[in-house]
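J.: Starting off with a structure, shown below.
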Amino acid sequence: MRIVLQRVTSASVRVDGEVIGAIKTGFLILFGAGHDDTEEDCRRLADKIANLRIFSDENGKINLSLADVGGDILVVPQFTLYADCRKGNRPNFIQAAKPERANALYEYFVEYLREKGKHVETGSFGADMKVELLNDGPFTLILE
């Protein structure tokens, strides 16, 4: 599983010109699933994300969690995180999970975060999405 997590002051995702998910302060998560990924991987990464302390406190130290700042999460599925560009000029996606499995893991990940009490907005699996964000920092993490 590969996740690109960006701390944002706002983020939204549109499909066919319509906003289908939007947040203010929080995390924009780009979610990619590989062949060998499991629900346990989803739980492990979701637990890590739910407790990450990457917001600044009153002293300017990175010490506050999503819960501390009242933040939300926008999760966007993105199979291209598994692109292999080592050969040639056209990426291959052989390492990405098949769509049915990737979607099941994506939905499981989202529901698990919600069960942990997080407000989660989503993109649309398989759709042509337009993502807008205002990256805060910028602060971007890659989690596997």
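J.: How about the stretch 82-108: which of its residues are under 16 Å from residue 45 (Cα atoms) and of a type in the set (A, V, I, L, M, F, W, C)?
T.: The answer is 102, 104, 105.
J.: Quick check on residue 115: is it without any contact (Cβ under 8 Å) to a residue 24 or more places away in the chain and either on the phi > 0 side of the Ramachandran plot or open to solvent by less than 100 Å² (accessible area, probe 1.4 Å) (or both)?
T.: No, not satisfied.
J.: Same structure, new question: Testing residue 4 on (1) touching a residue at least 60 places away in the same chain (Cβ under 8 Å); (2) in contact with an Asp or Glu (Cβ under 9 Å, 6 or more places away or on another chain), one condition comes back false. Which one is that?
T.: Single failed check for residue 4: (2).
J.: If I go through the stretch 108-132 residue by residue, how many of them are over 15 Å from residue 3 (Cβ atoms) and assigned to a strand (DSSP E or B)?
T.: 4
J.: While we're on this one: Give the stretch 24-37 a look and list any residue that's in contact (Cβ under 8 Å) with a residue 12 or more places away in the chain and closer than 24 Å to residue 104 by Cβ, or say none.
T.: Those that are in contact (Cβ under 8 Å) with a residue 12 or more places away in the chain and closer than 24 Å to residue 104 by Cβ: 27, 28, 29, 30, 31, 32, 33, 34, 35, 37.
The values are calculated or read from the model by the stated rules, or taken from the named source; none is laboratory data. What you see is a predicted model, and the numbers here were worked out from it, not measured in a lab. Cβ coordinates were reconstructed from backbone atoms using ideal geometry, including for glycine residues, and neighbour counts include every protein chain displayed. Ligands, DNA and RNA are stripped out before the accessible areas are found, and what is left, the full protein with its side chains, is counted by its heavy atoms. Shrake-Rupley method; radii C 1.70, N 1.55, O 1.52, S 1.80 Å.
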